[in-house]
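Below you'll find the structure, written out as structure tokens, and then a few comments.
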Amino acid sequence: MSAPAAKPAAPETDAGIVAGRGALFIGFAKLYFMVSGSVQQIVLPRLLATAEFGAFAVVNSVVSIVNNTMVQATIQSVSKFTAEDDARAGAVQRAGLRMQAFVGTAVALALVLGAPIIARFMKAPQYVGYFRIAAIIPFLYAFYAVFVGTANGLRRFRAQATFDVGFSTAKTILLLAGAVAWKVAGAFAGFAAAAAIILVVAARAMRQPPAREPFPSSRLTPYMLAVGGYALLLNLALNYDVSLLQHFAAVVDAARAPDLAGKYQALRTLALLPYQALIVITFVIFPLVSRSTFSEDRDATRAYVTQTLRYALLLAAAMGLVLGARPGALLGILYKPEYSVGAAALPILVSGECCLALLGVACAILNAAGRTGATLSFMGITVAVGAAAAAILIPRATPGAPMLAAAASATSLGMAAGFVASLVYLRASLGGGLPLATVARVGAGVAAATLVGRFLPAHGKILGLVAIAAVGIVYMVTLVVLGEFGAEDKAKLRRILRR
């Protein structure tokens with residue numbers, strides 16, 4: 001058994017504890033978000049026909065690109081300049097609200113006016129009304145994200161977590177209630193109502209007193225545009241695959257395209273869980289790296305990078321194994337029988353989404369360090385490779401299971417390419433990266449768990465769940481036996497929990 005890899009020294013005890021507590025608060029909120037989101041995606045197909053669910057999935061994927069771009073760019077921009085100097089939180093917040101009065105309105109109008117063009121690309125003119133109902137959502141998100149950015153920059157992780165939990169609850173209830181009443185249009189109306197409620201709550205809770213000196217928009221706007229470009233590409237990487245599947249499937253068989261999009265969305269709901277889990281890490285590490293790079297503390301930055309990537313890899317590999325071990329059993333338990341056609345594609349898509357989750361962590365670190373040009377490049381690689389592969393693979397596949405596997409393969413190729421490029425750059429620019437010993441141990445854990453999974457009985461839902469649990473246990477036991485979790489990890493966990 002090899003000796004544990006030497007862990008980099010903690011940059012500073014209090015900062016480590018703040019990060020740990022922040023991870024607990026935001027981790028709980030993101031877990032709640034994942035569960036509530038899964039409830040939405042599991043219940044909604046039971047309220048809608050497969051083609052209706054496909055329509056919701058396609059429209060929601062486009063709107064999600066816009067929404068998430070607005071949210072991520074705004075949160076990171078407001079958080080960065082707030083974290084550098086807490087005293088100017090009010091000034092930064094007001095600069096953000098002024099900017100969003102223009103940006104949020106422009107984005108919403110563009111979505112309303114551009115709805116016929118987008119629907120035409122999807123070869124589904126009946127989607128125009130859905131796009132226009134959903135246009136109010138990014139307008140509301142634009143302002144909400146400013147208040148969340150203030151909370152993140154001030155390290156008020158408990159408040160940020162509370163907003164996430166409240167919004168997730170309201171969205172689940174109102175979206176599903178709207179679907180019961182008015183199908184797809186009602187689901188988007190419920191989504192918009194939830195966004196309006198959380199905006200009011202966040203504004204009341206996080207409004208900061210005015211500062212003596214205003215924060216110049218000339219500093220906030222360029223950074224937000226750069227981060228916004230990255231966020232746009234990231235959200236394209238997260239959502240473009242279902243839209244491309246709809247487009248290319250419609251070229252081959254227009255009648256089956258919405259049905260295939262609905263089934264692929266079921267796969268995406270599960271495959272995106274590693275990314276959603278690792279978002280916790282990006283929210284916590286961002287203000288810490290912003291501070292360490294602003295103060296030019298290279299040793300602290302290197303330690304943050306190495307520790308963060310290490311924990312991210314451990315978590316992503318665990319989730320990928322669990323989701324890919326028995327795809328047929330998972331789909332059979334969560335969805336109607338017709339969705340099981342995607343079982344072979346799920347492990348492929350999960351592998352790609354794990355790469356995207358790790359790429360998201362790496363890019364959050366680089367954005368916090370001001371390396372926004374690099375993150376744009378990595379996400380550009382991801383989308384370009386994935387879209388090119390989709391254009392080649394999907395039209396050549398037979399509609400059904402082969403086409404779902406082709407879409408998953410194309411998406412995963414792009415995500416793997418972007419992740420590998422980000423690792424090389426991180427090591428060269430900030431000096432940190434994935435510890436090679438951790439990579440080796442995780443590889444051994446994945447290999448052992450996969451081997452065990454192949455020998456376990458494969459038939460039935462119950463045996464499938466047993467196999468999933470066994471695979472996860474074998475992975476964790478292997479890491480412990482190989483010494484991946486050392487005394488420093490245990491001591492850090494005890495300090496976090498004591499507080």
Sole exception among (1) within 23 Å of residue 374 (Cα to Cα); (2) small (Gly, Ala, Ser); (3) touching a residue at least 24 places away in the same chain (Cβ under 8 Å) for residue 218, by number: (3)
Condition broken by residue 326, with the remaining ones in (1) free of Cβ contacts under 8 Å to residues at least 60 places away in the same chain; (2) surrounded by 22 or more Cβ atoms within 10 Å (Cβ to Cβ); (3) among the basic types (Lys, Arg) satisfied: (1)
Residue satisfying all of: in region 44-65; of a type in the set (Gly, Ala, Ser) and assigned to a helix (DSSP H, G or I); nearest to the chain's Cα centre (by Cα) among these: 64
Enumeration of residues in region 81-98 that are open to solvent by 20 Å² or more (accessible area, probe 1.4 Å) and either touching a helix residue (DSSP H, G or I) at 6+ places or on another chain (Cβ under 6 Å) or outside any helix (DSSP H, G or I) (or both): 84, 85, 97
Residues being over 30 Å from residue 373 (Cβ atoms), surrounded by 23 or more Cβ atoms within 10 Å (Cβ to Cβ) and at pLDDT below 90 - total across region 266-285: 0
Meets criteria (assigned to a helix (DSSP H, G or I) and either free of Cβ contacts under 8 Å to residues at least 40 places away in the same chain or touching a helix residue (DSSP H, G or I) at 6+ places or on another chain (Cβ under 6 Å) (or both)) for residue 68: yes
Sole exception among (1) in contact (Cβ under 8 Å) with a residue 60 or more places away in the chain; (2) over 14 Å from residue 137 (Cβ atoms) for residue 166, by number: (1)
Enumeration of residues in region 415-457 that are exposed (fewer than 14 other Cβ atoms within 10 Å of the Cβ) and not in a helix (DSSP H, G or I): 457
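For the structure I just gave you, tell me whether residue 396 is open to solvent by 50 Å² or more (accessible area, probe 1.4 Å), more than 19 Å from residue 306 (Cα to Cα) and not hydroxyl-bearing (Ser, Thr, Tyr).
Yes.
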Only one of 344, 369, 408, 374 that is over 15 Å from the mean Cα position of the chain (by Cα) and modelled with pLDDT of 95 or more: 408
Matching residues in region 194-225 - criterion: being in contact with a Leu (Cβ under 8 Å, 6 or more places away or on another chain) and surrounded by fewer than 20 Cβ atoms within 10 Å (Cβ to Cβ): 196
Unmet requirement for residue 177, which otherwise passes all of (1) at pLDDT 85 or above; (2) assigned to a loop (DSSP other than H, G, I, E, B): (2)
Any pair with Cβ under 9 angstrom, 6 or more apart, that starts in region 132-150 at a residue that is farther than 15 Å from residue 167 by Cβ and ends at one that is open to solvent by 10 Å² or more (accessible area, probe 1.4 Å) and not in a helix (DSSP H, G or I): 150/156; 150/207; 150/208
Index of the failed condition, residue 101 passing every other in (1) among the small types (Gly, Ala, Ser); (2) over 27 Å from residue 181 (Cα atoms); (3) open to solvent by less than 30 Å² (accessible area, probe 1.4 Å): (3)
Subset tally (residues that are open to solvent by 10 Å² or more (accessible area, probe 1.4 Å), farther than 21 Å from residue 393 by Cα and among the small types (Gly, Ala, Ser)) for region 226-258: 3
Residue in region 469-485 that is buried (at least 17 other Cβ atoms within 10 Å of the Cβ), of a type outside the set (Val, Ile, Thr) and more than 28 Å from the chain's Cα centre (by Cα) present: yes
Whichever residue in region 294-312 is of a type outside the set (Phe, Trp, Tyr) and touching a helix residue (DSSP H, G or I) at 6+ places or on another chain (Cβ under 6 Å) and, among such residues, is surrounded by the fewest Cβ atoms within 10 Å (Cβ to Cβ): 300
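Out of the residues in region 159-193 that are closer than 25 Å to residue 52 by Cα and aromatic (Phe, Trp, Tyr), state the one that is most open to solvent (accessible area, probe 1.4 Å).
182
Can you name the residue in region 104-158 that is assigned to a loop (DSSP other than H, G, I, E, B) and over 23 Å from the mean Cα position of the chain (by Cα) and is also surrounded by the fewest Cβ atoms within 10 Å (Cβ to Cβ) among such residues?
Looking at residues that are assigned to a loop (DSSP other than H, G, I, E, B) and over 23 Å from the mean Cα position of the chain (by Cα), I get 123.
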Any chance residue 363 is within 17 Å of residue 410 (Cα to Cα), out of contact with any His (no Cβ under 9 Å at 6 or more places or on another chain) and touching a residue at least 60 places away in the same chain (Cβ under 8 Å): no
Matching residues, region 372-407, being free of Cβ contacts under 8 Å to residues at least 40 places away in the same chain and among the hydroxyl-bearing types (Ser, Thr, Tyr): 398
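The values are calculated or read from the model by the stated rules, or taken from the named source; none is laboratory data. Since the model is a prediction, treat every value here as computed from it, not as a measurement. Reconstructed Cβ throughout: ideal geometry from the backbone, glycine too, with neighbour counts over all protein chains shown. Remember, those area values only see protein heavy atoms, side chains included, never the ligands or the DNA or RNA. Shrake-Rupley method; radii C 1.70, N 1.55, O 1.52, S 1.80 Å.
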